[in-house]
Amino acid sequence: MEENFPDALKFKPERWLKNENQLKPNINPYLVIPFGHGMRSCIARRFAEQSILVFLVRVGHHKNISLKNN
């Protein structure tokens, strides 16, 4: 893991953010593909993503979470 990510075992969500040049850090784009790619991609990908979105909407509605303007 260390050859792909420095400090791989540490929680660092900023490693996935774009830098000031609007470019992601030097990470291989095919390193993390949870649903596969191409002909062998997961046939249930859209169902899984939709299920995640429905879950988040229900949690947000139940907890009365809303977005604020600025």
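Read-outs throughout are calculated quantities, based only on the coordinates presented, and are distinct from any laboratory measurement. This one's a predicted model, so the numbers in the text were calculated from it and none came from an experiment.
A few notes on this one:
- Difference of contour (0.36 nm per residue) and Cα-Cα distance, Glu14 to Arg45: 8.6 nm
- Residue-wise HN-Hα coupling along the stretch 3-9, computed from phi with Karplus coefficients 6.51, -1.76, 1.60 (Hz; x: Gly, Pro): 6, 9, 9, x, 6, 4, 8
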